[in-house]
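Enquirer: Quick one: the structure is below, questions incoming.
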Amino acid sequence: MDIKNLKSEFPIFKQKINGKPLVYLDSANSSQKPKAVIDRLSNFYETEFSNVGRSVHTLAVKATNRFEATRDLLKKYFNAQHREEIIFTKGATESINLVASSFGEKYIKEGDEILITELEHHSNYVPWHFLRKNKGAVIKFAPVNKDGEVEIDEIKNLISNKTKIIAITHISNVTGAVMPIKKIVDMAKEKNIPVLVDGTQGAPHMHIDMQDLGCDFYVVSCHKMYGPNGLGVLYAKKKWLDDLPPYQGGGGMIDDVKKDNITFADAPTKFEAGTMQTAEVVAFSEAINFIEKLGIKNIAAHENEILEYAFEKLKKNNSINIIGSPKNRGSVLCFTIKGIHPHDIATILDDDGVAIRAGHHCCQILHDKLGIAATARASIGVYNTKEDIDILCKAIDNCKKVFQI
Amino acid sequence: MDIKNLKSEFPIFKQKINGKPLVYLDSANSSQKPKAVIDRLSNFYETEFSNVGRSVHTLAVKATNRFEATRDLLKKYFNAQHREEIIFTKGATESINLVASSFGEKYIKEGDEILITELEHHSNYVPWHFLRKNKGAVIKFAPVNKDGEVEIDEIKNLISNKTKIIAITHISNVTGAVMPIKKIVDMAKEKNIPVLVDGTQGAPHMHIDMQDLGCDFYVVSCHKMYGPNGLGVLYAKKKWLDDLPPYQGGGGMIDDVKKDNITFADAPTKFEAGTMQTAEVVAFSEAINFIEKLGIKNIAAHENEILEYAFEKLKKNNSINIIGSPKNRGSVLCFTIKGIHPHDIATILDDDGVAIRAGHHCCQILHDKLGIAATARASIGVYNTKEDIDILCKAIDNCKKVFQI
Amino acid sequence: MELKELYQEIILDHGKNPRNKGKCTGYSHDAQAHNPLCGDKVHVYLKLDNEKKVMDISFEGEGCAISLASASILTDILKGKDLSFTKKVSEDFLSMVKNKTKITLNSLTEDQITTITSLSGVQAFPMRVKCATMVWHTFLSALGKKNN
Amino acid sequence: MELKELYQEIILDHGKNPRNKGKCTGYSHDAQAHNPLCGDKVHVYLKLDNEKKVMDISFEGEGCAISLASASILTDILKGKDLSFTKKVSEDFLSMVKNKTKITLNSLTEDQITTITSLSGVQAFPMRVKCATMVWHTFLSALGKKNN
Ligand SMILES: Cc1ncc(COP(=O)(O)O)c(C=O)c1O
Ligand SMILES: Cc1ncc(COP(=O)(O)O)c(C=O)c1O
């Protein structure tokens, strides 16, 4: 596989969009899937499908083994210390809801503070809002600076002896700011405050080493990481696994069920209620294999090269305003064009086969702060090329033609 | 398609298990998938994949349309009155957790009663247990009779003016009892008590008409209904949609997000936080098409014929004890063999290619009542044939040979 | 090329220079709406005469060219009209956009029909339909929302 | 045929007529476990002599042939043995089942080695490994659980 030329690995690029080659710049929304992942999914359903962990027949044994092997693979890939620290969920959103609910149930009381930032995606705000509403917790927002970053000192300043948890994004899906997670964790550790990292935009683009990062929770959406829909990973440090109550109740997560009481299984099972996404988990192992074959560091280098190229080209265009200028930018580029609303930009680019996203990207707090209702976002995946960026730039010129400016 | 001969529609049956044809009698655990569903899944990922509802480019538009078209299809298939009554979840387990959490948050106070039965799967007990634990609710169990059924009078007798909800299975996944849901709902309506139906074993095997049933909530797991993993449906009657608070928080389910408050979208979006299982939802429409092509009533008739055949054959075997003798039996047959533990039965049957399940089938309360720790369960899917049952019976004879009894 | 039909001169003109922007003085009814997916917002103000006639109408809002043009065109066309007539125009507009029917009200001038029909280009852009329709729904809802 | 290796005569015999069932009198240590997926249960009772020797051992439980046979064989073989030796046997047993190593302790008789090795058939049945190992883990945990 040649990292500069990966489109042939992704069947979607055989598509023509409005008669033109697809230029997919919406990977921060969801990534496309390599053939290996799609094939594994159908292959699993065709030849190995069965429910996991509950039956003892041959298919069930195979399925269970493959399912658990993926957990082992992820433990290794993310350098977790224990395999049970890898919990499968429905997605990053469910992962955060799980932590907010379980951690909140046990540790959040009226007046306690939850510290997040103005960069957070709604999925790293709304679940905490539920604790505010139902338990009287207080949410504090570390402010974003003019470069679209949150400074570590701003976080530090907001910590009080009521701060119970810090929940923070790894990479902003709007400004692209890469947060200094390790430093934040170190600072929080001194004060004994656990840290949840929303790694939804981090994990697909950089090397993640849980033991090195040191955070308590890290959440991932597999569909943004070349894997199937409807699957997420929650990394939770061992010390929390016994400590936190279960989230959803159902089959599999129990230990002993009596009429007057119920006890629960050990993690990770305790947090995996009901029938799991067996096929999707197994197929996700192919996404990890795909990433490992290329090397996540090579992926990061390639993506940064494309991003840098895009940044330089867009910067030269006077009518374009790029959102944020973080020291470290990861995989996304939000912009506006004077006189053309982002929604119109997206529609016009689509006519040239260029898929971007327009809106507030589930970051309304940040957009309020920036004083704009919506931005256009181009986001980079491993399959993107400099040519894609050239087409993007031409399509942007076309916007101005259509709008006669 | 010939309903007596559907194995060719399901790729899994090309498999040999221990050199023998696969006899899959574990459909109550999870059903196998028709080629049409598997192909739609990979086809969607290959040519149409994108995230739903958030971007305006061509792929996103297509994906959104297909996703919402599946909602319309399900509205029609289940004869719901409104399309927004169809909510997509991760599975039956999540559907019940959603209702228990949202309904419980608003309506359950200390001392309030939740009425379930001794037949319930853990997923229709554990979520209610959380309300017992966290809110001091009381759970009452309508007793199962010697035939493995719950009589409607037993439910009626347990109703008090503190009963806030009745949660009850449609078909028991152990005794196979088909519960008279319509009568129970009518009775509950008189007393103004909402009813949640665990339709996990009902929906795959019978015609479900929500307006006719009249229940408030009905939950379905798509993977037991020839659909993909990791997807469920929650039917919730319109009157509850505005009334209940959201369950998980995240992208998509919001209306307006401010630093001091958040308002939520209308249903169904309000209950669908985060990136949804687009591909799985779209592929599930092919499962519904598959069912509709055959006709759910024909499926029921075919399955009942096989079930009846199995019942008669096993009944003749003196060393076999069939669990339950409900007036109406649906799709499952649990049994024990004197002198051989169900686990051993399952292992020995597997050697003949016969896949069944052994254990308490997530119904520990029921097994405690029956006074047995585990049973063996053969469950029927549309692809099963009388020949499958003949092979099952021979394999059962082999158990006795292996155990020298 | 459908894009040209979406962004016709008339639309671009109304989008760039929307008519009737602001709060009209002495308005008696109003309603607002927004699209949480994209952030578009609109607020419609009406001055009704005895609940019979739209004496004055205006809007505030932000959004894409389509949504601004639609708001501008709506206010331009409905100003001064009888209530029953404005309801009929609104229904016809929504039906045009959703069901591809034609606008044929004979109390509209040919010019006005051309203007309103210029918005039919969204039919080919399902994700943009809401941009065009939101203000019309908001107008209908404002009719029922008396300002005290 | 692997099935025959799983259900060997010895196993069936121990499964049907488990030795040392019940609570041994005067037990000093005990521990229990169960497998929530299948409902198997086991409770191990030990009478230790000065924490040095297993004077008496017994079990209560219900489960499949494999789990009962394993409990029966364990109690049969470990009764009367030094603690350090029983720990070694347990580790060797667990390693045999999981890593397919051989049992070669020279303080066991050939008969005993044959008996204990009869359980190695589960290697080919991953879902049944827990049936064989649960009682051994429970025994090890009982060693640390003094009964007051
Ligand atoms: C009666 C019943 N209810 C609920 C469930 C839970 O379904 P799932 O595990 O797909 O969420 C099952 C199946 O496991 C079931 O048989
Ligand atoms: C930073 C960030 N966090 C969380 C999410 C939520 O992920 P998902 O919708 O897959 O649950 C997203 C993507 O939508 C994101 O970009």
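The values are calculated or read from the model by the stated rules, or taken from the named source; none is laboratory data. Fair warning: this is a prediction, and the values are worked out from it, not measured in the lab. Please note: Cβ atoms are built from the backbone with ideal geometry, for glycine as well, and neighbour counts cover all protein chains shown.
Enquirer: Assess whether C:LEU46 counts as being under 17 Å from C:MET134 (Cβ atoms) and in a loop (DSSP other than H, G, I, E, B). Quick ask: steps written out before the conclusion?
Expert: Working: under 17 Å from C:MET134 (Cβ atoms): yes; in a loop (DSSP other than H, G, I, E, B): no.
Judged against the criteria, C:LEU46 is not a match.
Enquirer: Can you tell me which of A:GLU190, A:GLU151 is closer than 18 Å to A:GLY330 by Cβ and either within 16 Å of ligand 1 (Cβ to nearest atom) or not polar (S, T, N, Q) (or both)? It would help to see each step written out before you state the result.
Expert: Numbers: A:GLU190 fails: closer than 18 Å to A:GLY330 by Cβ.
Going through A:GLU190, A:GLU151 in turn, just one is closer than 18 Å to A:GLY330 by Cβ and either within 16 Å of ligand 1 (Cβ to nearest atom) or not polar (S, T, N, Q) (or both): A:GLU151.
Enquirer: Scanning segment B:105-136 for residues that are surrounded by fewer than 24 Cβ atoms within 10 Å (Cβ to Cβ) and among the small types (Gly, Ala, Ser), which turns out farthest from the other protein chains (Cβ to nearest Cβ)?
Expert: In this case the residue turns out to be B:GLY111.
Enquirer: Which condition number in (1) farther than 23 Å from C:ALA124 by Cβ; (2) touching a His at 6+ places or on another chain (Cβ under 7 Å) is the one that B:VAL56 fails?
Expert: The one condition B:VAL56 does not meet is (1).
Enquirer: Mind checking which residues of segment B:204-221 are in a strand (DSSP E or B) and more than 17 Å from B:LEU241 (Cα to Cα)?
Expert: Those that are in a strand (DSSP E or B) and more than 17 Å from B:LEU241 (Cα to Cα): B:VAL220, B:SER221.
Enquirer: Could you tell me which numbered condition D:VAL54 fails, if it satisfies all but one of (1) assigned to a loop (DSSP other than H, G, I, E, B); (2) farther than 29 Å from A:PHE264 by Cβ?
Expert: That leaves (1) as the condition not met.
Enquirer: Where residues in segment B:231-254 are under 19 Å from B:THR64 (Cα atoms) and not aliphatic (A, V, I, L, M), which of them is surrounded by the fewest Cβ atoms within 10 Å (Cβ to Cβ)?
Expert: B:GLY252
Enquirer: Given the conditions (1) at pLDDT 95 or above; (2) at the interface with chain A (Cβ under 10 Å from one of its Cβ atoms), which single one is not true for B:ALA63?
Expert: (1)
Enquirer: On the given criteria, is B:THR64 part of a helix (DSSP H, G or I) and closer than 28 Å to B:VAL382 by Cβ?
Expert: Taking the combined requirement at face value, the residue does not satisfy it.
Enquirer: Among B:ILE165, B:ILE116, which is the only one that is without any contact (Cβ under 8 Å) to a residue 60 or more places away in the chain and in contact with a strand residue (DSSP E or B) (Cβ under 6 Å, 6 or more places away or on another chain)? Working first, answer last.
Expert: On the way: B:ILE165 fails: without any contact (Cβ under 8 Å) to a residue 60 or more places away in the chain.
None of the other options fit; the residue is B:ILE116.
Enquirer: B:PHE88 - would you say it is buried (at least 19 other Cβ atoms within 10 Å of the Cβ), farther than 30 Å from B:GLU387 by Cα and away from ligand 1 (no atom under 16 Å from the Cβ)? Please lay out each step first, then the result.
Expert: Values: buried (at least 19 other Cβ atoms within 10 Å of the Cβ): yes; farther than 30 Å from B:GLU387 by Cα: yes; away from ligand 1 (no atom under 16 Å from the Cβ): no.
Spelling it out, it is not the case that B:PHE88 is buried (at least 19 other Cβ atoms within 10 Å of the Cβ), farther than 30 Å from B:GLU387 by Cα and away from ligand 1 (no atom under 16 Å from the Cβ).
Enquirer: Moving on. State whether the residues of segment A:383-390 include one that is within 24 Å of the chain's Cα centre (by Cα), at the interface with chain C (Cβ under 9 Å from one of its Cβ atoms), of a type in the set (A, V, I, L, M) and closer than 26 Å to A:THR169 by Cβ.
Expert: Looking through segment A:383-390, none of the residues is within 24 Å of the chain's Cα centre (by Cα), at the interface with chain C (Cβ under 9 Å from one of its Cβ atoms), of a type in the set (A, V, I, L, M) and closer than 26 Å to A:THR169 by Cβ.
Enquirer: For segment A:25-59, enumerate the residues that are free of Cβ contacts under 8 Å to residues at least 40 places away in the same chain, of a type outside the set (D, E, K, R) and more than 7 Å from chain B (Cβ to nearest Cβ).
Expert: A:ASN43
Enquirer: Of these, D:SER84, D:SER107, D:SER90, D:SER120, which one is at pLDDT below 95 and buried (at least 16 other Cβ atoms within 10 Å of the Cβ)? Show your work before the answer.
Expert: On the way: D:SER84 fails: buried (at least 16 other Cβ atoms within 10 Å of the Cβ); D:SER107 fails: buried (at least 16 other Cβ atoms within 10 Å of the Cβ); D:SER90 fails: at pLDDT below 95.
Of the residues listed, the single one that is at pLDDT below 95 and buried (at least 16 other Cβ atoms within 10 Å of the Cβ) is D:SER120.
Enquirer: Right, next: If only one of A:ALA188, A:ALA236, A:ALA287, A:ALA267 is more than 9 Å from chain B (Cβ to nearest Cβ) and within 16 Å of ligand 2 (Cβ to nearest atom), which one is it?
Expert: Numbers: A:ALA188 fails: within 16 Å of ligand 2 (Cβ to nearest atom); A:ALA236 fails: within 16 Å of ligand 2 (Cβ to nearest atom); A:ALA267 fails: within 16 Å of ligand 2 (Cβ to nearest atom).
Result of the check over A:ALA188, A:ALA236, A:ALA287, A:ALA267: A:ALA287.
Enquirer: Scanning segment B:1-18 for residues that are in contact (Cβ under 8 Å) with a residue 60 or more places away in the chain and of a type outside the set (D, E, K, R), which turns out nearest to D:GLU2 (Cα to Cα)? Break it down into steps so the answer makes sense when it comes.
Expert: Narrowing segment B:1-18 to residues in contact (Cβ under 8 Å) with a residue 60 or more places away in the chain: B:1, B:3-7, B:9-10, B:13, B:16-18.
Narrowing the set further to residues that are of a type outside the set (D, E, K, R) leaves B:1, B:3, B:5-6, B:10, B:13, B:17-18.
Details: B:MET1: 39, B:ILE3: 36, B:ASN5: 32, B:LEU6: 32, B:PHE10: 29, B:PHE13: 23, B:ILE17: 14, B:ASN18: 10 Å.
Here the answer is B:ASN18.
Enquirer: Could you pull out the residue among A:ILE254, A:ILE299, A:ILE262, A:ILE291 that is farther than 30 Å from B:VAL281 by Cβ and of a type in the set (A, V, I, L, M)? Give the steps one after another, and end with the answer.
Expert: On the way: A:ILE254 fails: farther than 30 Å from B:VAL281 by Cβ; A:ILE299 fails: farther than 30 Å from B:VAL281 by Cβ; A:ILE291 fails: farther than 30 Å from B:VAL281 by Cβ.
Testing whether each residue is farther than 30 Å from B:VAL281 by Cβ and of a type in the set (A, V, I, L, M) leaves just A:ILE262.
Enquirer: Name every residue in segment A:74-104 that is more than 10 Å from chain B (Cβ to nearest Cβ) and either of a type in the set (Lys, Arg) or within 16 Å of ligand 2 (Cβ to nearest atom) (or both), in order of residue number. Give the steps one after another, and end with the answer.
Expert: Our first condition is that a residue be more than 10 Å from chain B (Cβ to nearest Cβ); within segment A:74-104, this holds for A:74-87, A:99, A:102-104.
Hits for segment A:74-104 are A:LYS75, A:LYS76, A:ARG83, A:ILE87, A:VAL99.
Enquirer: Hey, another quick one. I'm trying to understand the selection: among the residues of segment A:13-24, which are more than 23 Å from B:VAL37 (Cα to Cα) and either within 9 Å of another protein chain (Cβ to nearest Cβ) or assigned to a strand (DSSP E or B) (or both)?
Expert: Within segment A:13-24, the first condition is being more than 23 Å from B:VAL37 (Cα to Cα), and the residues that meet it are A:16-24.
Residues satisfying the conditions are A:LYS16, A:ILE17, A:ASN18, A:LYS20, A:PRO21, A:LEU22, A:VAL23, A:TYR24.
Enquirer: If you don't mind, there's one more thing I want to ask. For residues that are more than 27 Å from the chain's Cα centre (by Cα) and assigned to a helix (DSSP H, G or I), scanning just segment A:44-61, find the one that is surrounded by the fewest Cβ atoms within 10 Å (Cβ to Cβ).
Expert: Checked segment A:44-61; the qualifying residue surrounded by the fewest Cβ atoms within 10 Å (Cβ to Cβ) is A:THR47.
For (1) at pLDDT 95 or above; (2) within 14 Å of chain B (Cβ to nearest Cβ); (3) more than 16 Å from ligand 2 (Cβ to nearest atom); (4) out of contact with any Leu (no Cβ under 6 Å at 6 or more places or on another chain), each residue gets a yes or a no:
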| position | (1), (2), (3), (4) |
| --- | --- |
| A:LEU158 | yes, yes, yes, no |
| A:THR163 | yes, no, yes, no |
| A:THR175 | yes, no, no, yes |
| A:GLN201 | yes, yes, no, yes |
| A:HIS223 | yes, yes, no, yes |
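Enquirer: Now, a different point. Taking the criterion of being farther than 30 Å from A:ALA273 by Cα, of a type in the set (Phe, Trp, Tyr), out of contact with any Ser or Thr (no Cβ under 7 Å at 6 or more places or on another chain) and more than 14 Å from chain B (Cβ to nearest Cβ), would at least one residue in segment D:12-28 satisfy it?
Expert: Keep residues of segment D:12-28 that are farther than 30 Å from A:ALA273 by Cα, which gives D:12-28.
If we keep only those that are of a type in the set (Phe, Trp, Tyr) too, we end up with D:27.
Now drop any that are not out of contact with any Ser or Thr (no Cβ under 7 Å at 6 or more places or on another chain), which leaves D:27.
Still in the list and also more than 14 Å from chain B (Cβ to nearest Cβ): D:27.
So far as segment D:12-28 goes, yes, one or more of its residues are farther than 30 Å from A:ALA273 by Cα, of a type in the set (Phe, Trp, Tyr), out of contact with any Ser or Thr (no Cβ under 7 Å at 6 or more places or on another chain) and more than 14 Å from chain B (Cβ to nearest Cβ).
Enquirer: Give all pairs with beta carbons closer than 7 Å in which a residue from segment B:256-275 that is modelled with pLDDT of 95 or more meets a residue that is within 16 Å of ligand 2 (Cβ to nearest atom) and among the charged types (D, E, K, R); count only pairs at least 6 apart in sequence or on separate chains.
Expert: Here the result reads B:PHE264/B:LYS270; B:GLY274/A:GLU94, each pair linking segment B:256-275 to a residue that is within 16 Å of ligand 2 (Cβ to nearest atom) and among the charged types (D, E, K, R).
Enquirer: Additional query: Of the residues D:GLY39, D:GLY26, only one is at pLDDT below 95, of a type outside the set (D, E, K, R), part of a loop (DSSP other than H, G, I, E, B) and buried (at least 18 other Cβ atoms within 10 Å of the Cβ); which? Show your work before the answer.
Expert: Working: D:GLY26 fails: buried (at least 18 other Cβ atoms within 10 Å of the Cβ).
Going through D:GLY39, D:GLY26 in turn, the sole match is D:GLY39.
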